[in-house]
Amino acid sequence: FPGLADVSISQDIPVEGEITVPVGSHSPDEDYSTLDEPVKDTIMRDLKAVGKKFVHVMYPRKSSALLRDWDLWGPLVLCVSLALMLQGGSADSKDDGGPQFAEVFVIIWFGAVVITLNSKLMGGTISFFQSLCVLGYCVMPLNVAMLVCRLVLLAGAGTISFIIRLIVVGAMFAWSTLASTAFLADSQPPNRKALVVYPIFLFYFVISWMILTFTPQ
Amino acid sequence: AGPGAAAAAGPGPGPAGADTVSAPAQAGGSAVIDMENMDDTSGSSFEDMGEMHQRMKEEEEEEAEGEAGAGEEEDGEFLGMKGLRGQLGRQVADQMWQVGKRQASRAFSLYANIDILRPYFDVEPVQVRARLLESMIPVKMINFPQKIAGELYGPLMLVFTLVAILLHGMKTSDTIIREGTLMGTAIGTCFGYWLGVSSFMYFLAYLCNAQITMVQMLSLLGYGLFGHCITLFVTYNIHFHSLFYIFWLVVGGLSTLRMVAVLVSRTVGHTQRLILCGTLAALHMLFLLYLHFAYHKVVEGILDTLEGPNMPPFQRVARDIPVVSNAVLNTTAKAIALTL
C-alpha cells in the first residue's frame with residue numbers, strides 16, 4: 001500500500017470515536033452485555049431458571065419454557081445426587097462402591113443420548129440438547145423416591161417397608177414417564193408416539209429398578 | 001526495467017491472491033476485516049510454517065545457485081525476488097489447507113450424519129407388533145426367498161429390553177462382578193451377541209453364497225431375541241429348572257426355526273444350508289442357556305427359607321426330637337410338592 005505510507009496524524013487532533021458495526025437485531029439473551037453485572041445476579045438468574053424448570057416437572061403442563069431455554073445444570077445436579085445416594089449399597093467389599101457411581105452416571109447419560117437419537121430418527125422436531133434437558137429434569141421424581149426409600153430403610157428392611165418403597169417408586173416412575181412424555185411426544189408425528197414412549201419407559205424403569213433394589217450396607 | 005516491473009507486480013498479486021483465497025473464510029466470521037493476511041508475516045501458523053520452510057529452501061538454493069551462476073534470465077528473475085517465490089509457496093499452502101478443510105468437513109457431514117440411519121427407523125407401531133409376533137412363527141415355504149424387513153428399531157429396542165431383564169436377573173440373584181459393573185456386563189453381553197454374531201453370520205453367509213445383507217441379518221437376529229426376552233423374563237421370576245428347559249426348547253426352538261427357515265429359503269445347496277443353519281441354531285440356543293446359567297443362580301434353599309424353619313430337607317436328624325423331625329417332614333413334603 002504505497003499510497004498510505006505517508007499518511008501522518010498530527011499530534012493535537014485526538015483520534016476517538018466508536019468502531020462498531022451494527023449487528024442488525026439484538027439477540028434476546030444479550031450474553032455479551034452481562035459481563036459487568038455482579039456475580040450474585042448471574043448466579044441468581046441461573047438458579048431461578050433451574051428452579052422454574054423444576055416446577056414445570058412437578059406440574060407437567062404443555063409449556064415451551066422447558067424446551068426453549070434448555071440447560072443441563074439441573075440434570076447434572078440430579079444425576080450426581082442420585083448416584084451419590086445409590087452408592088455403597090448391596091456390596092460385600094468396599095471396592096464395589098466405586099463402580100456404582102459410574103454405573104448410574106453412565107446409565108443416565110447414555111440412556112438419555114440413545115433416547116434422543118431414537119426420537120430424532122423417528123422424525124422428531126426437538127433438538128439434541130433440548131431432549132437431554134427434558135429427560136434429565138424428569139429424573140427428579142425418582143430422586144424424591146430415592147430420598148423416601150433411604151428414609152424408610154432407616155426404619156427397617158421388612159416386608160412392609162418393601163411394600164411402601166414399591167408403591168412410592170412405582171408412583172414416581174409413572175410420574176417421570178408421564179412428565180417426559182408430555183414434553184417429548186408432542187414433537188413426534190401422532191401415529192409414532194408409542195415408538196418414542198417405549199424407550200423412555202424402559203429408561204425410567206431401569207432407574208426405578210436400581211432404586212428399588214437398593215439395600216444399604 | 002524487466003525485473004523491476006516484475007518486482008512491482010510480484011507483491012501485488014501475492015497479497016491480493018492471498019486475500020481472495022482467505023476472504024470467504026473471514027467474511028462469515030466477523031464484520032471486522034482482518035488485516036493480518038496482508039502482511040508478509042501472516043498470523044496463521046500454517047502459513048508461518050510454509051514461510052519458514054520456504055525461507056530454508058531458498059537459503060539452500062541460494063548456496064546452490066551461487067555456484068551455477070546468475071547468467072540465466074529465469075533464474076535471475078526468481079533470484080531477484082525471493083518474495084515472489086515466497087508468496088507463491090504461501091498461496092499454494094493456503095489453497096491446500098482450504099481444500100483439505102473442505103474435504104474433511106464434507107467427509108464428516110457425510111459419515112456423522114444421522115440421516116443415514118433414518119430409513120431404518122421408519123416404522124409404525126403396528127408393523128413392529130406384527131414383526132414381533134411373526135418372529136415366533138416358522139415359515140413353511142422355503143423354496144422361495146422370504147422377505148426380511150431391514151429395520152433396526154425393533155431389534156435395538158429388543159436388545160435394550162434384554163439388557164434390562166438381564167440386569168433384573170443379576171440383581172435378584174446377587175451376582176457380584178468383581179472386575180466391572182453389572183450394567184457394563186449386561187450391555188456388553190447383549191450388544192456383543194447381537195453385533196458380533198450378526199457379523200459372523202454375515203461372513204458365513206458371504207462364504208455360503210446366501211442372499212442376505214448386513215442390515216437384514218441384524219434385523220433377523222434382533223427379532224430372534226424376542227424369544228430370549230420372553231424366556232428370561234418368565235424364568236428369572238419363577239425359579240424352576242424344568243420350566244426353564246421347557247421354555248428353552250419351545251420358545252427358543254420356535255424363534256430358531258423361524259430364523260433357520262428364512263435363511264434356508266435364501267441359500268442354495270445342501271452343504272451351505274447345513275453350515276449356515278447349524279451355526280445359527282447352535283449359537284442362538286447356547287446363548288439362551290448361557291444367559292440363564294451364568295447370570296442367575298437358582299438358589300434352591302430360597303423356597304425353604306421363605307416357608308418354614310431353616311433346615312435343608314435331606315439332613316439326618318436325631319430321633320429324639322419330634323419337632324425337628326416334623327419340621328423335616330413338612331419341609332420335604334413341601335419341596336416335593338413344589339417341584340412336581
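The values are calculated or read from the model by the stated rules, or taken from the named source; none is laboratory data. Computed from a prediction, not measured in an experiment: that's the story for all the values here. Virtual Cβ from ideal backbone geometry, glycine too; neighbours counted across all protein chains shown. Ligands, DNA and RNA are excluded from the accessible area calculation, which covers all protein heavy atoms including side chains. Shrake-Rupley method; radii C 1.70, N 1.55, O 1.52, S 1.80 Å.
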Of the residues in the stretch A:184-217, those that are surrounded by fewer than 19 Cβ atoms within 10 Å (Cβ to Cβ) and of a type in the set (Lys, Arg) come to A:Lys193
Is it the case, given these coordinates, that A:Gly136 is assigned to a loop (DSSP other than H, G, I, E, B) and under 20 Å from the mean Cα position of the chain (by Cα)?
no
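Looking at A:Thr215, A:Thr177, can you tell me which residue is within 14 Å of chain B (Cβ to nearest Cβ) and among the polar types (S, T, N, Q)?
Being within 14 Å of chain B (Cβ to nearest Cβ) and among the polar types (S, T, N, Q) holds for just one of A:Thr215, A:Thr177, which is A:Thr215.
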Filter result for B:Thr231 (of a type in the set (Ser, Thr, Tyr), outside any loop (DSSP other than H, G, I, E, B) and not assigned by the TED database to the domain that holds B:Leu117)
yes
Test: A:Ala145 is more than 17 Å from the chain's Cα centre (by Cα), assigned to a helix (DSSP H, G or I) and either modelled with pLDDT of 90 or more or not polar (S, T, N, Q) (or both)
yes
Take the conditions over 25 Å from A:Asp71 (Cα atoms) and modelled with pLDDT of 85 or more and apply them to A:Ile164. Does it pass?
yes
Kindly list the number of the only condition in (1) modelled with pLDDT of 90 or more; (2) surrounded by 17 or more Cβ atoms within 10 Å (Cβ to Cβ); (3) under 23 Å from B:His292 (Cα atoms) that fails for B:Tyr245.
(2)
Among the residues of the stretch A:17-40, are any surrounded by fewer than 12 Cβ atoms within 10 Å (Cβ to Cβ), part of a helix (DSSP H, G or I) and modelled with pLDDT of 75 or more?
yes
The stretch A:81-123, subset modelled with pLDDT of 70 or more, outside any helix (DSSP H, G or I) and within 11 Å of another protein chain (Cβ to nearest Cβ), residue nearest to A:Val206 (Cα to Cα):
A:Met122
Go through the stretch A:202-212 and give me each residue that's out of contact with any His (no Cβ under 7 Å at 6 or more places or on another chain) and within 10 Å of chain B (Cβ to nearest Cβ).
A:Leu202, A:Phe203, A:Phe205, A:Val206, A:Met210, A:Leu212
Every residue in the stretch B:95-127 that is within 14 Å of chain A (Cβ to nearest Cβ), part of a helix (DSSP H, G or I) and open to solvent by 70 Å² or more (accessible area, probe 1.4 Å), please.
B:Asp115, B:Ile116, B:Arg118, B:Pro119, B:Tyr120, B:Val126, B:Gln127
First in the stretch B:219-242 and in contact (Cβ under 8 Å) with a residue 40 or more places away in the chain, second anywhere and of a type in the set (Asp, Glu) and surrounded by fewer than 23 Cβ atoms within 10 Å (Cβ to Cβ), Cβ under 6 Å, 6 or more apart
B:Ser219/B:Glu151
List pairs: first in the stretch A:149-168 and assigned to a loop (DSSP other than H, G, I, E, B), second modelled with pLDDT under 85, Cβ under 7 Å, 6+ apart or cross-chain?
A:Ala157/A:Thr215
Which number in (1) in contact (Cβ under 8 Å) with a residue 12 or more places away in the chain; (2) open to solvent by less than 30 Å² (accessible area, probe 1.4 Å); (3) farther than 21 Å from A:Leu212 by Cβ marks the one condition that A:Thr125 misses?
(2)
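Scan the stretch A:192-201 for residues that are at the interface with chain B (Cβ under 8 Å from one of its Cβ atoms), touching a residue at least 12 places away in the same chain (Cβ under 8 Å) and within 23 Å of the chain's Cα centre (by Cα) and report the count.
Looking only at that region, the number is 2.
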Which residue out of B:Val251, B:Val197 is assigned to a helix (DSSP H, G or I), open to solvent by 10 Å² or more (accessible area, probe 1.4 Å) and more than 16 Å from B:Leu132 (Cα to Cα)?
B:Val197
Is it the case that some residue within the stretch B:128-135 is in contact with a Phe, Trp or Tyr (Cβ under 7 Å, 6 or more places away or on another chain), basic (Lys, Arg) and either within 14 Å of chain A (Cβ to nearest Cβ) or open to solvent by less than 30 Å² (accessible area, probe 1.4 Å) (or both)?
yes
